[in-house]
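The values are calculated or read from the model by the stated rules, or taken from the named source; none is laboratory data. These numbers were taken from a predicted model, which means no experiment stands behind them. When we count neighbours, we look across all protein chains shown, and the Cβ atoms used for this are built from the backbone with ideal geometry, even at glycine. Quick note on the areas: whole protein, heavy atoms, side chains included, nothing else; ligands and nucleic acids left out. Shrake-Rupley method; radii C 1.70, N 1.55, O 1.52, S 1.80 Å.
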Amino acid sequence: MNFSTMTSVLSISIAKNHSVGSFIRLCKITRNYNVTQVAFMNRLAYKEERPKPKPFNYRKKELSTRNFMFHLTSLMYDENTKLLVVEGPPCAGKEKLCKKLAEEFGLLYMPPPCHDDIFINPYGFDLRKLYRELPPSCQCYDLKRFLMDPKNKLTAPFQLAFLVMRYEQYTNAMLHMLATGQGVILNRSVFSDAIFVDTMYKAGYINKDVADYFNVLKKNSLHLLLRPHVVIYLNIPPDVTLENIKKYGTQDEINSEVFTKNYLIDLDIATREKCLTWLSPHSEILIYNSIDERHYMDIVQDIESLNLEEDEKKVKFSDWIFLNIVAVQERLIMYQDKNYMLHKMLRITEKIIPPELTLSVSDREHLLDVLDREPSESYEYNYNPYMGDTIKETKYKFVTHPYMSITRRIMRDFVNCKMFPE
């Protein structure tokens, strides 16, 4: 079996004016900490245990400048404070590889968003039961094709939903990493999801107006994100991918009209030419032509051999260099504010939103009327008296939790996080 690795070698030097010691490198802990500084990730089996302060529970408390006075965030970072992304076609083995790397390096694995996340609320109620009550004339984001038929991925609303969900998940990945120092690994990312839109347009599944609209969303949002340290691309041939879908895919994937050989070829070309090429000056790129569990430790060793040290004189990893701790805090506050991040992405100043993605007043009224009939949708999660929730109150104010998701009713980004008590 052909097993090869290709790492990106492009590195562009840039000049920056700064005072010595005025920036923070996330691959290192702060200089006044009495340990050896390293730039290479280490497996947990060989990683030196270092005392760290208790991480700030950003899932329970809102971040603010006042809170940071008592939490020395920079002391949380070490050589494994890195963001990794595994990319590749469907049924390529991304999930198993992500879990293995998370286990070896002590990373948080965030499962990818899925269709059910939109409809099953935290109380376990599936809203699709209510959507069936909508009148036949009600389109509501193309409900009849998108909401009621998840295997049909040809609609613009489906693409929009997943692009926004991956964008939101990526902000949670950066938030967790910057707040706790624990590295994160993702099964695909918003960067490659944007490429799906280009491939869908080329295949004729979406029109030019929709493609242009998505390009505006990408322009609005991607520059706000810190690009990953390492991108692992599983370069599986289209013929093998189709066989894998038949063997291991879900019924939605097996019955999908999207996954044709030509589509998978176009997707591979777009991923290489647009996604990986764009990321290569900023991230290390590892490409594997074939993969199975026998090769996992080879990939682990390849990652350990990468010099991931941030350098102010280079473009690579420059996203992760901050002038001071205040700059880190500003990013943390921004990534926790999901309303702000979503507003930045969806603001439209240049083009009109395509009809496929609009919701009429009458359709909105139908949708809200249906949702109002369901007790589990009457109040926010944890604040619903119909579901037995008790609202906690302190001497000064009600206790509120930050929103980690406003696009998904179920958010599984932190199901593997053992850092905070529930």
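Hey, does region 326-348 have a residue that's under 23 Å from Thr407 (Cα atoms), part of a loop (DSSP other than H, G, I, E, B) and out of contact with any helix residue (DSSP H, G or I) (no Cβ under 8 Å at 6 or more places or on another chain)?
yes
Identify all residues within region 163-215 that are in a helix (DSSP H, G or I), within 9 Å of the chain's Cα centre (by Cα) and among the charged types (D, E, K, R); write none if there are none.
Matches in region 163-215: Arg166, Glu168.
Scan region 297-316 and give yes if some residue there is under 30 Å from Ala211 (Cβ atoms) and surrounded by 12 or more Cβ atoms within 10 Å (Cβ to Cβ), otherwise no.
In the first step, residues of region 297-316 are kept if they are under 30 Å from Ala211 (Cβ atoms); the result is 315.
Among the residues that remain, those that are also surrounded by 12 or more Cβ atoms within 10 Å (Cβ to Cβ) are: 315.
Looking through region 297-316, at least one residue is under 30 Å from Ala211 (Cβ atoms) and surrounded by 12 or more Cβ atoms within 10 Å (Cβ to Cβ).
Answer with yes or no whether Leu130 is open to solvent by 10 Å² or more (accessible area, probe 1.4 Å), assigned to a helix (DSSP H, G or I) and at pLDDT below 80. Quick ask: steps written out before the conclusion?
Working: open to solvent by 10 Å² or more (accessible area, probe 1.4 Å): yes; assigned to a helix (DSSP H, G or I): yes; at pLDDT below 80: yes.
In short, yes.
Could you check how many residues of region 216-255 are under 24 Å from the mean Cα position of the chain (by Cα), modelled with pLDDT under 90 and outside any helix (DSSP H, G or I)?
2
Within region 58-94, can you find the residues that are polar (S, T, N, Q), in a loop (DSSP other than H, G, I, E, B) and open to solvent by 30 Å² or more (accessible area, probe 1.4 Å)?
Ser64, the sole residue that qualifies.
Among Leu359, Leu371, which is of a type in the set (A, V, I, L, M) and more than 30 Å from Leu225 (Cβ to Cβ)?
Exactly one of Leu359, Leu371 is of a type in the set (A, V, I, L, M) and more than 30 Å from Leu225 (Cβ to Cβ), namely Leu371.
Just the residues that are among the aliphatic types (A, V, I, L, M) and farther than 16 Å from Glu87 by Cβ, please, taken from region 266-306.
Met297, Val300, Leu306
Out of Lys61, Lys54, which single residue is in contact with a His (Cβ under 9 Å, 6 or more places away or on another chain), at pLDDT below 90 and within 29 Å of Val164 (Cβ to Cβ)?
Being in contact with a His (Cβ under 9 Å, 6 or more places away or on another chain), at pLDDT below 90 and within 29 Å of Val164 (Cβ to Cβ) holds for just one of Lys61, Lys54, which is Lys61.
Name the residues in region 391-422 that are assigned to a loop (DSSP other than H, G, I, E, B), of a type in the set (D, E, K, R) and modelled with pLDDT under 80, would you?
Lys392, Lys395, Lys397, Glu422, listed by residue number.
Would you confirm, using the coordinates I've provided, whether Ile325 is surrounded by fewer than 16 Cβ atoms within 10 Å (Cβ to Cβ) and either touching a residue at least 12 places away in the same chain (Cβ under 8 Å) or of a type in the set (Lys, Arg) (or both)?
yes
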